[in-house]
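Asker: One structure coming up, written as structure tokens, with questions to follow.
The values are calculated or read from the model by the stated rules, or taken from the named source; none is laboratory data. Computed from a predicted structure; not experimentally measured. Neighbour counts run over all protein chains shown; Cβ positions are idealised from the backbone, glycine included. The area values use the complete protein model at the heavy-atom level, side chains included, leaving out ligands, DNA and RNA. Shrake-Rupley method; radii C 1.70, N 1.55, O 1.52, S 1.80 Å.
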Amino acid sequence: MATLSVTNKAPSLVGGAMIIGGTIIGAGMFSLPVVMSGSWFFWSLLALIFTWFCMLHSGLMILEANLNYHIGASFDTITKDLLGNRWNIINGLTVAFVLYILTYAYISASGSVIHHTFSQMNIAFPARLGGLLFALVVAFIVWLSTRAVSRMTTIVLGAKILTFFMSFGGLIWHVQPAVLFNTAEVNPSYLPYLVMTLPFCLASFGYHGNVPSLMKYYGKDPLTIRRCLLLGTLMALILYVFWLVGTMGNIPRPAFIDIAGKGGNIDVLVQALSGVLNSRGLDLLLTVFSNFAVASSFLGVTLGLFDYLADLFKFDDTPQGRFKTALVTFLPPIVGGVLWPNGFIYAIGFAGLAATVWAAIVPALLASASRKRFGSPHYRVWGGKAMIILILCFGAGNAIIHVLSSFHLLPVYR
């Protein structure tokens, strides 16, 4: 009996929380100080908290609906059954687009980071080759199993948090209140630049593709999965706040105009921080952290895409079936990463637009339809219809903001 109890031991809460936290906290965070430089610290903090609240609850709405279906059912199965083929096609296109575009973004980011890492050692290493090799390693880990991703994410996220506090401890130590509070500018304007940050905030809290994966991991245990979502998203929110303090407290607001003008890629921001702090040790820590940041997000996002495509194409969970899923998951973004290696900041922006559908609008519709059909026998998100309406408005508002921004109808900090 002792052996049986050990064998059937339930997965730990930490593993699931690390999958969520590792998916969220990653390369996307490097875009936040750049796009938030116009609204600056306090307004950006408000945008982050509001987005965290909405994205947590939209994820819980997916969980509420998902619990009424068999373990392994993903967005394709649930959306088709509850909302019909039309919404399933719309949702499927946006899910695939977001997860593919984020996978591409992280391939692009990994190539940039690996190139920057080797350049610190005076070694010429092509960004394209770095992105390709990194993608192949991640593909192998995802092919193995969800548990392999969880264990690797736990290791990578633990290392990332360690290097985060080591590097940002140095950043926080060097924070200048005059820079953080922007006292040098006379009558600065912040509020006009606030709304355009919301789609980037939304993209930086994306984890929704992993909710069905957690059900495969824990079974139909809504309380444990809810705790995973809460802990993972809170972890991300806290680290984002530290990140904003560390960057905005060291780099003056006007300097971000030049960073954005150079494309806002990870290596540009790291170089700007290194130039301000003039510390080779801190530069090394920031470089190591950026590697771990890309790795953890890469693992989490590709796991969500992998499980979605397995459900969509009905590939089985055998090694051969998982190999087919891995090919469909990784081949298109690898090709994109090799052909267009510098599309990180643009990919994150477009991911925010498409994510409004499947990370906000569709979860609210799924929760509403699920309650009408099943009555929520396993779990129900609090807040009733008011919460559903809030999430719908949040998603629609983000979509409108991104469209207006794409047509240059919103003010940009320049």
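Asker: Could you work out how much longer the chain between residue 119 and residue 85 gets when fully extended? Use 0.36 nm per residue separation minus the Cα distance between them, nm to one decimal.
Answerer: 7.2 nm
Asker: A further question on this structure: Gain in length, residue 183 to residue 49, computed as 0.36 nm per residue apart minus the alpha-carbon separation, to one decimal in nm?
Answerer: This chain segment gains 45.8 nm when fully extended.
Asker: Per residue of region 11-24, in order, report the coupling 6.51 cos²θ - 1.76 cosθ + 1.60 (Karplus, θ = phi - 60°) as ³J(HN,Hα) in whole Hz, putting x for Gly and Pro.
Answerer: My calculation for region 11-24 gives x, 6, 4, 4, x, x, 4, 5, 4, 5, x, x, 5, 6 Hz in order.
Asker: Please report, in debye to the nearest 20, how large the charge dipole of region 175-324 is about its Cα centre when each Lys and Arg carries +1 at its beta carbon and each Asp and Glu carries -1 there.
Answerer: 260 debye
Asker: As an exercise, use a Förster radius of 51 Å and the Cβ-Cβ distance of residue 372 and residue 257 to find the FRET efficiency, rounded to the nearest 0.05.
Answerer: It comes out at approximately 0.50.
Asker: Once phi is turned into θ = phi - 60°, what whole-Hz ³J(HN,Hα) does the Karplus curve with 6.51, -1.76 and 1.60 give for every residue of region 407-414, x standing for Gly and Pro?
Answerer: 8, 6, 9, 10, x, 10, 6, 9
Asker: Now for a different question. When the chain is fully extended, how far beyond the present Cα-Cα distance does residue 220 get from residue 173, taking 0.36 nm per residue of separation?
Answerer: Here the segment from residue 220 to residue 173 would lengthen by 12.4 nm.
Asker: Sticking with this structure for a sec: On each of the three principal axes of the Cα atoms of region 179-242, give max minus min coordinate, whole Å, ordered largest first.
Answerer: The Cα atoms of region 179-242 stretch 56, 20, 13 Å along the principal axes, largest first.
Asker: Using only the Cα atoms, work out Rg/Rh for region 37-193, with Rh taken as the Kirkwood radius, to two decimals.
Answerer: Details: Rg = 21.2 Å, Rh = 20.2 Å.
That ratio equals 1.05.
Asker: Using the Cα centre of the chain as the reference point, and only Cβ charges (+1 on K/R, -1 on D/E), how large is the resulting charge dipole? Debye, rounded to the nearest 20.
Answerer: 700 debye
Asker: For region 315-414, report the % of Cα-Cα distances exceeding 17 Å.
Answerer: The proportion of pairs with Cα distances above 17 Å equals 69 percent.
Asker: How many Å² of accessible area per residue for the chain, probe 1.4 Å?
Answerer: Solvent-accessible surface per residue comes out at 41 Å².
Asker: Quick one: ranking 191, 282 by accessible area, 1.4 Å probe, largest first, what do you get?
Answerer: The ranking, largest first, comes out as 191, 282.
Asker: Over all pairs of distinct alpha carbons, what does the Kirkwood formula give as the hydrodynamic radius of the chain, in Å?
Answerer: Result for the chain, one decimal place: 21.5 Å.
Asker: Continuing with the same structure: Go through 32, 390, 251 and say which Cα lies farthest out towards the positive end of the charge dipole of the chain; charges sit on Cβ, +1 for Lys and Arg, -1 for Asp and Glu.
Answerer: Positive-most Cα among the choices belongs to 390.
Asker: Helix 127-144 versus the longest principal axis of the chain: what is the Cα-based angle in degrees, 0 to 90, to the nearest 10?
Answerer: For 127-144 against the chain, the angle is about 30 degrees.
Asker: Given a 1.4 Å probe and heavy atoms of the protein chains only, how would you sort 216, 324, largest accessible area at the top? Write out the running numbers ahead of the final one.
Answerer: Values: 216 85, 324 110 Å².
Accessible-area ranking of 216, 324, largest first: 324, 216.
Asker: So what's the back-of-envelope 222 nm ellipticity for the chain, counting only DSSP H runs of four-plus at -39500 (n - 2.57) apiece and dividing by all residues, rounded to 500? The partial results should precede the final answer.
Answerer: Working: 18 runs with 308 residues, N = 414.
The per-residue figure over the chain is -25000 deg cm²/dmol.
Asker: A further question on this structure: If one computes the Cα centroid of region 217-235 and of region 104-155, what distance in Å separates the two points?
Answerer: 27 Å
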